[in-house]
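Here the structure comes first, spelled out in structure tokens, and everything after it is commentary.
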Amino acid sequence: MAAYRSAAGFQRVLHAVKHVCFSKQRCGVIICRYSTVYDPNEKTFDKILIANRGEIACRVIKTCKKMGIKTVAVHSDVDSSAVHVKVADEAVCVGPAPTSKSYLNMDAIMNAIKQTGAQAVHPGYGFLSENKEFAKRLAAEGVTFIGPDTHAIQAMGDKIESKLIAKAAKVNTIPGFDGVVKDAKEAVKIAGEIGYPVMIKASAGGGGKGMRIAWNDEETSDMGFFLSGHISDICANGFCWCLQVLADKHGNALWLNERECSIQRRNQKVVEEAPSTFLDPDTRRAMGEQAVSLANAVKYSSAGTVEFLVDSKKNFYFLEMNTRLQVEHPITECITGLDLVQQMIRIAKGYKLQHKQSDIPINGWAVESRVYAEDPYKSFGLPSIGRLSQYQEPLDLPNVRVDSGIQEGSDISIYYDPMISKLVTYGKTREEALKKMEDALDNYVIRGVTHNIPLLREIIVHPRFVSGVISTKFLPEVYPDGFKGHMLTAGERRELLATAAALYVAVEIDGEKVEVSGEWNLASALLPITINGKHRTLQVCKHACFKLRVLSKLAASLSKHMPEKVPEDTSSILRSPMPGSVVAVSVKPGDNVAEGQEICVIEAMKMQNSMTAAKTAKVKSVHCKAGDTVGEGDLLVELE
Amino acid sequence: TRSPRSADRFVVAKGLQNARCYSVKHLSVQERIEKKRKAALTGGGQLRIAAQHKRGKLTARERLELLLDPDSFVECDMFVEHRCSDFGMEADHNKYPGDSVVTGQGRINGRLVYVFSQDFTVFGGSLSGAHAQKVCKIMDQAMMVGAPVIGLNDSGGARIQEGVESLAGYADIFLRNVMASGVVPQISLIMGPCAGGAVYSPALTDFTFMVKDTSYLFITGPDVVKSVTNEDVTQEELGGAKTHTTVSGVAHRAFENDVDALLNLRDFFNFLPLSNKDPAPVTECHDPRDRPVPGLDTIVPFESTKAYDMLDIVHGIVDEREFFEIMPNYAKNIVVGFARMNGRTVGIVGNQPKVASGCLDINSSVKGARFVRFCDAFNIPIITFVDVPGFLPGTAQEYGGIIRHGAKLLYAFAEATIPKITVITRKAYGGAYDVMSSKHLRGDVNYAWPSAEVAVMGAKGAVQIIFRGKENQAEAEAEYVEKFANPFPAAVRGFVDDIIQPSTTRKRICRDLEVLASKKQTNPWKKHANIPL
């Protein structure tokens, strides 16, 4: 019964990540030292209903708890054991999984409000947050909507009207076609006049929904297939900056500095930071003042965000105003010390702003990475689903904030946004904040779903990102052939090999001795080690970026006799790249298709993906039909 | 009963053996020993070794080197030669020291194991009387000292030139397989052809593993199949790794190639005791035994019709998430395999709700039963996770004999005297509840999660029988659910010992295993039991 551990025959796959690990300095979480106080004597709401789910619901509930407000969560039936339900004081089920039947189901939510006696509703972002109908219905019932009033939502919600108001308020607007395009033909004509690339946007879309970039006529007319009405904007290879504004019901408004949100994939942000590296105080003030004047022009109250596109000459143009709390608000909170949710609640209750413009600081630097359940190797991120079999947030690191609404065992389903969390790090300087982000990403344990941490980690250490030269086209420019994962340097490769081997024996790599030490525990997901005097944190998992096999010398030499396995010829097989539902199938068995021809469209998590033929061939069989739900890797169509 | 052509090739190739022809009388004994040893080490010669490599296969000796700890192999019968004197076989150039198999003993991570490795480079690994005798010798020794036997099979079949002697050899091995069954673990790794009578040795051993693309197991090859039944079938379709691990259930697992298979075999060996007198090995455990598993509190979905992956539960609970699954691609509605709890080997059996709702059918019953019996024979405690809606109904199952096959699993659990821990995660319906290591079959510790429902059947079916023809079926159904769709009916009767929070399951099981380590239980004396085969 000797205790033993196999010495050879070892096959573990290492997922390597880099650099200093602070896991020994368990400092507790100190982040966002909000400068605002929660005055227990300031009368506020007794009970607030949060008409949202996931991390933002949890985020709002957190502040409510600090303010002594009771909270009501709403949830769909599949979410009944979700974190936001557990942390709320009360919870009401508002319908089945599809959002249209639950989180967008106004009747059910209105009932929940009546049933629980909530005095106000915080809508979070997405869902009903910019729905004027909802705001109206709440007003009719005498329930406070924690957000701007109906007029502002309506005015800013319409991409055309908002531009006209902005123009009137002397806000810089982009040259472009401000109107509704009738059909694909007209779109092509207008796009031609403006010059490619153009951005085509659905009139009432938000947060990147229905926003697409077209680079030529063909792409423009293709988009006519998806969208019925839209405007075209020039999309310069520019920057996307968001100015946070805060306005009360008494005509006071503040700007809380900018957020740099240029790193995007599919027009959705992935990495944000505040402040911006590119912006000087004068431009910042000019943008801030324009943002405030726009807020005043629509009699805005509550927190809102004015988005600007900025070209390389620091000309900035109004893009849109988001009349809600934004996903990336934590970085503004980090550098200003304000609790935006608390401010929104105070404003909704009718209080005046506590701060003057001169009170708003820029303290240090904050970076936010959006950790998504998605496969970064496919179009910088196609949604993935699954159950978080292991989940550990890097909260033992200092200056790290994680806003999440999930926990170990949670399901990432096809019904909702695949965001796992928002990972925010904070430092005195940008360099410090980025360094902390690196550590935090290395120490983040996620198993069970494919996630985008490999991509996030590459972005934040990329020389171009580090130098601050960021634009909205950062990803396609830096990775023109798509993200292929981290390319190991010779040194990294050696270190990785040494670590794997050192789990068993002392090592020499390519004749060079490598010192590996550390107090690792094979049962733990994290592997803090010191390698040639450098600290690194590695993670060991089955489906990793870097597959390593540790073999004895003998096994390695005999491996040369092993046959190479021929991979399946995939050109004649079309498989679903992600879980989702089939929107349309445009071929039937016997059809001849040309290479690149659309075969079917898969929709998953707000996105429609056109699946095309990899070669010119005849369709052999079709294994899906419109309306089907498909899993990742499911066979869709076979070609001959 | 041998693969076509393999033996012929060796007769034709005799011209290549000239290098081996030497005049015996001019050499001293010492020199002769060295010559023979050298000849034994090269087996069928460099050309055939190269051919073996070209097929993506390792030689018999390379395989043993990989399987065993460095320098631990002690060979036996290196000088044994075949005794055939017909068809020119008596010629010197047709004699190979050691004949077509390498035998001996060695160590895997320091633990003793007896091995034989068939050498395809010598007469296609065909089985001669001498070959069989060598294998029998090490099997007898393994039984005597109490150590497992691992066979690496790569053989064209019987040595046709020897006729009945070869057949006798097979039978001698079969007998020993049967005698050793339940005494020492026996493992077969199929690394090349294994056809005809030869297949029954692996079939008798406890575990049969295969190498993908290069190994085959069949009673009769494609040519005979064609001539008898007129079926066109390839070797791979008829008896390849995929067939036997997904369709027939003959093999327990398949690996990518020789190296992968042998290294996995080493890992697998770590789970096994050396014999039925030996306790299962204990390894150093880095995983805290009282580790909570928070993910388990939410794993069972609220809707009882919704599936989840039983493997998530298994991985969450066992040491370091390491689970060596047996038959992962066959009868997937039941999950079986080995893992460790606080360093001790345990056998895991679990219904898999993801496949066919986790119901019991013929294949899953047989798969489960054989696994349970192995564990019982070798003192490996069994942890059973239950989420079973019942036996699969239908003519296919009834005609196939689900009654007698289902009885195997019932029998196996009932006769087992090793520590038995059962966790009902959700459904435990009908007869299947009884079968799945229930308290009534001498389960030592039976737990229910709060999501457990122990009942004769689901609410809808039950209500249709109890309240047949009555109105208010929905009301009655609700009443039934209230009464039975929870762990209380079983708990108040003591049929489960406790209702536990799922996240504490690992801690509870580790503690129970420690207590049960000294469990002693015997069945009444019998010559042998009569399991419904």
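Yes/no per residue for (1) in contact with a Ser or Thr (Cβ under 6 Å, 6 or more places away or on another chain); (2) modelled with pLDDT under 90; (3) within 17 Å of residue B:120 (Cβ to Cβ); (4) surrounded by fewer than 16 Cβ atoms within 10 Å (Cβ to Cβ):
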residue: B:11; (1), (2), (3), (4): no, yes, yes, yes
residue: B:21; (1), (2), (3), (4): no, yes, no, yes
residue: B:35; (1), (2), (3), (4): no, no, no, yes
residue: B:45; (1), (2), (3), (4): no, no, yes, no
residue: B:62; (1), (2), (3), (4): no, no, yes, no
residue: B:75; (1), (2), (3), (4): no, no, no, no
residue: B:94; (1), (2), (3), (4): no, yes, yes, no
residue: B:98; (1), (2), (3), (4): no, no, yes, no
residue: B:102; (1), (2), (3), (4): yes, no, yes, no
Report summary line: For strands (runs of 3 or more DSSP E) lying entirely in segment A:310-421, having 1 or more residues that are buried (at least 23 other Cβ atoms within 10 Å of the Cβ) and outside the structural domain of residue A:473 (by the TED database) picks out A:390-392, A:400-404
Query raised in the report: Counting just the residues of segment B:492-508 that are assigned to a loop (DSSP other than H, G, I, E, B) and of a type in the set (D, E, K, R), which one comes out nearest to the chain's Cα centre (by Cα)?
Result: B:497
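Which ones in segment B:509-519 are more than 26 Å from the chain's Cα centre (by Cα) and assigned to a loop (DSSP other than H, G, I, E, B)?
Residue satisfying the conditions is B:518 alone.
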Query raised in the report: For segment B:425-451, how many residues are touching a residue at least 60 places away in the same chain (Cβ under 8 Å) and part of a loop (DSSP other than H, G, I, E, B)?
Result: 6
Query raised in the report: Tell me, which helices (runs of 4 or more DSSP H) wholly within segment A:425-481 include 3 or more residues that are in contact with a Leu (Cβ under 8 Å, 6 or more places away or on another chain)?
Result: A:430-442, A:453-461
Requested in this report: Spot the failing condition for residue A:406; the list is (1) within 16 Å of the chain's Cα centre (by Cα); (2) farther than 30 Å from residue A:97 by Cβ; (3) among the aliphatic types (A, V, I, L, M), and only one is missed.
Outcome: (2)
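So that you can scan it fast, the table gives a plain yes or no per residue for (1) among the acidic types (Asp, Glu); (2) more than 24 Å from residue A:265 (Cα to Cα); (3) in a loop (DSSP other than H, G, I, E, B); (4) assigned by the TED database to the domain that holds residue A:450:
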| residue | (1), (2), (3), (4) |
| --- | --- |
| A:581 | no, no, no, no |
| A:590 | no, yes, yes, no |
| A:609 | no, no, no, no |
| A:619 | no, yes, no, no |
| A:627 | no, yes, yes, no |
| A:632 | yes, no, yes, no |
Query raised in the report: Only one residue in B:299, B:326, B:317 is under 17 Å from residue B:383 (Cβ atoms), within 11 Å of chain A (Cβ to nearest Cβ) and in contact (Cβ under 8 Å) with a residue 40 or more places away in the chain, so which one is that?
Result: B:299
Query raised in the report: Among the residues of segment B:376-384, is there at least one that is of a type outside the set (Val, Ile, Thr) and surrounded by 24 or more Cβ atoms within 10 Å (Cβ to Cβ)?
Result: yes
Requested in this report: Select from segment B:140-187 the residues that are among the aliphatic types (A, V, I, L, M) and under 19 Å from residue B:265 (Cα atoms) and list them in ascending order.
Outcome: B:142, B:147, B:149, B:150, B:152, B:184, B:187
Requested in this report: Looking only at segment B:213-236, decide whether some residue is in the same structural domain as residue B:150 (by the TED database), closer than 30 Å to residue B:517 by Cβ and not basic (Lys, Arg).
Outcome: no
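Tell me, which helices (runs of 4 or more DSSP H) wholly within segment B:17-127 include 3 or more residues that are within 14 Å of chain A (Cβ to nearest Cβ) and in contact (Cβ under 8 Å) with a residue 12 or more places away in the chain?
Counting at least 3 such residues, we get B:46-54, B:60-67.
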Query - Residue under evaluation residue B:480, criteria (1) outside any strand (DSSP E or B); (2) crowded, with 19+ Cβ neighbours inside 10 Å; (3) touching a strand residue (DSSP E or B) at 6+ places or on another chain (Cβ under 6 Å); (4) of a type outside the set (Asp, Glu), criterion not met - result: (3)
Requested in this report: Can you confirm whether segment B:222-231 contains a residue that is within 14 Å of chain A (Cβ to nearest Cβ), of a type outside the set (Asp, Glu) and in a helix (DSSP H, G or I)?
Outcome: no
Report summary line: Those residues of segment A:374-424 which are farther than 12 Å from residue B:295 by Cβ, within 14 Å of chain B (Cβ to nearest Cβ) and of a type in the set (Asp, Glu) amount to A:393
Query raised in the report: Do you know which residues across segment A:78-118 are touching a residue at least 24 places away in the same chain (Cβ under 8 Å), in a helix (DSSP H, G or I) and either of a type in the set (Ser, Thr, Tyr) or within 14 Å of chain B (Cβ to nearest Cβ) (or both)?
Result: A:78, A:79, A:83, A:84, A:99, A:116
**Report entry** Matching residues in segment B:313-370 - criterion: being under 18 Å from the mean Cα position of the chain (by Cα), charged (D, E, K, R) and over 16 Å from residue B:245 (Cβ atoms)
**Finding:** B:322, B:340
Report task. Scan segment B:244-291 for residues that are in contact (Cβ under 8 Å) with a residue 40 or more places away in the chain, surrounded by fewer than 18 Cβ atoms within 10 Å (Cβ to Cβ), within 10 Å of another protein chain (Cβ to nearest Cβ) and part of a loop (DSSP other than H, G, I, E, B) and report the count. Result -> 4
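The values are calculated or read from the model by the stated rules, or taken from the named source; none is laboratory data. Please read these numbers as outputs of a predicted model, since none were measured by experiment. Cβ atoms come from the backbone with ideal geometry, glycine included; neighbour counts cover every protein chain shown.
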